[in-house]
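Peer 1: Okay, handing you the structure first.
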Amino acid sequence: QVQLVESGGGLVQPGGSLRLSCAASGIIFNSYGVAWYRQAPGKQRELVASIPNMRRTNYADSVKGRFTISRDNAKNTVYLQMDSLKPEDTAVYLCSVWSSSLGYWGQGTQVTVSS
């Protein structure tokens with residue numbers, strides 16, 4: 001059974017930082033691309049950052065220079081370090097893993113940026 005469990009969300013003031021984690025089980029983790037998405041109320045789900053292979057990383061323009069995605073294959077975990085957070089970063093953040101034929105989603109973790 002495949003499971004993706006996110007953690008690390010919460011309430012933070014503007015300018016603050018959070019680190020999200022997504023622990024995977026039931027898959028050969030290093031065979032999968034990984035990504036973080038987010039969905040704010042009334043908005044479409046958007047791709048925040050991804051590592052489609054072991055060397056390249058991609059970021060949405062809105063988070064470049066503030067967010068960093070990384071993975072630890074030994075721990076089957078993908079991270080999202082979020083710095084200089086803004087109120088517009090408020091959303092449910094979901095991790096995703098995919099291979100050439102399969103894809104999985106976590107349940108999401110809420111991030112709220114507010115003073």
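Peer 1: Out of all the residues in region 16-49, which are under 8 Å from the mean Cα position of the chain (by Cα) and polar (S, T, N, Q)?
Peer 2: The answer is Ser21, and nothing else.
Peer 1: Select from region 14-47 the residues that are among the charged types (D, E, K, R), over 14 Å from Gly106 (Cα atoms) and surrounded by 11 or more Cβ atoms within 10 Å (Cβ to Cβ) and list them in ascending order.
Peer 2: As a first pass, look at region 14-47 and keep what is among the charged types (D, E, K, R): 19, 38, 43, 45-46.
Next cut, over 14 Å from Gly106 (Cα atoms) only: 19, 43, 46.
Across region 14-47, the qualifying residues are Arg19, Glu46.
Peer 1: Hey, any hits in region 93-108 for a residue that's within 16 Å of Ser17 (Cβ to Cβ), aliphatic (A, V, I, L, M) and within 15 Å of the chain's Cα centre (by Cα)? Walk me through it before giving the result.
Peer 2: Filtering region 93-108 down to residues within 16 Å of Ser17 (Cβ to Cβ) leaves 93.
Adding the requirement that they be aliphatic (A, V, I, L, M) leaves none.
Scanning region 93-108 turns up no residue that is within 16 Å of Ser17 (Cβ to Cβ), aliphatic (A, V, I, L, M) and within 15 Å of the chain's Cα centre (by Cα).
Peer 1: Would a scan of region 48-71 turn up a residue that is of a type in the set (A, V, I, L, M), modelled with pLDDT under 95, surrounded by 14 or more Cβ atoms within 10 Å (Cβ to Cβ) and in a loop (DSSP other than H, G, I, E, B)?
Peer 2: No.
Peer 1: Which residues, taken from region 79-102, are farther than 24 Å from Gln13 by Cβ, open to solvent by 50 Å² or more (accessible area, probe 1.4 Å) and small (Gly, Ala, Ser)?
Peer 2: Residues satisfying the conditions are Ser100, Ser101.
Peer 1: Checking Gly108 against (1) touching a residue at least 12 places away in the same chain (Cβ under 8 Å); (2) closer than 25 Å to Gln1 by Cβ; (3) open to solvent by 20 Å² or more (accessible area, probe 1.4 Å): exactly one of these is not met. Which one?
Peer 2: (3)
The values are calculated or read from the model by the stated rules, or taken from the named source; none is laboratory data. All values reported here derive from a predicted model rather than from experimental measurement. Please note: Cβ atoms are built from the backbone with ideal geometry, for glycine as well, and neighbour counts cover all protein chains shown. For the accessible areas, the whole protein counts, side chains as well, though only heavy atoms, and no ligand, DNA or RNA atoms are used. Shrake-Rupley method; radii C 1.70, N 1.55, O 1.52, S 1.80 Å.
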